[in-house]
Amino acid sequence: YGAPADVYALGVICWELATRATFFGSCQFMWEIEDHIMAAHRPELPSDVPEPFAHVVRRCWAQEPDDRPAAAE
């Protein structure tokens, strides 16, 4: 783990703030969440989320860690 994993987690927190829901809340076990992430599944962002905010979340969730923004950005 490193900074790209932290940026991914930041995207998760932003999604949870925007939706007021639990990330992959239907999963009962951590391995289920890991399977979703490794398969490049991402929860939907509601249509009322402002596009600049949604864009940041999607960038944080890039499948390739090197494609994620730096935390300072």
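The values are calculated or read from the model by the stated rules, or taken from the named source; none is laboratory data. The structure presented is a predicted model; accordingly, all values stated were derived computationally and were not measured. Every residue, glycine among them, receives a Cβ derived from its backbone with ideal geometry; neighbour counts consider all protein chains shown. Quick note on the areas: whole protein, heavy atoms, side chains included, nothing else; ligands and nucleic acids left out. Shrake-Rupley method; radii C 1.70, N 1.55, O 1.52, S 1.80 Å.
Tabulated data for the structure shown
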{"read-out": "Largest to smallest principal axis extent of the C-alpha atoms in the chain, angstrom", "value": "33, 31, 16"}
{"read-out": "Relative contact order [Cα under 8 Å, 6+ residues apart], the chain, whole percent", "value": "50"}
{"read-out": "Computed [θ] at 222 nm, deg cm²/dmol, the chain (DSSP H ≥ 4; -39,500 (n - 2.57); rounded to nearest 500)", "value": "-15500 deg cm²/dmol"}
{"read-out": "Within a Gaussian network of the chain (alpha carbon springs, distance under 10 Å), most fluctuating of W15, W61, W31", "value": "W31"}
{"read-out": "Largest-first ordering by accessible area, 1.4 Å probe, given options F24, F53, F29", "value": "F29, F53, F24"}
{"read-out": "The chain - accessible surface per residue (Å², probe 1.4 Å)", "value": "72"}
{"read-out": "Loop trypsin sites (Lys or Arg not before Pro), the chain, which have at most 16 other Cβ atoms in a 10 Å radius of their Cβ (DSSP)", "value": "R20"}
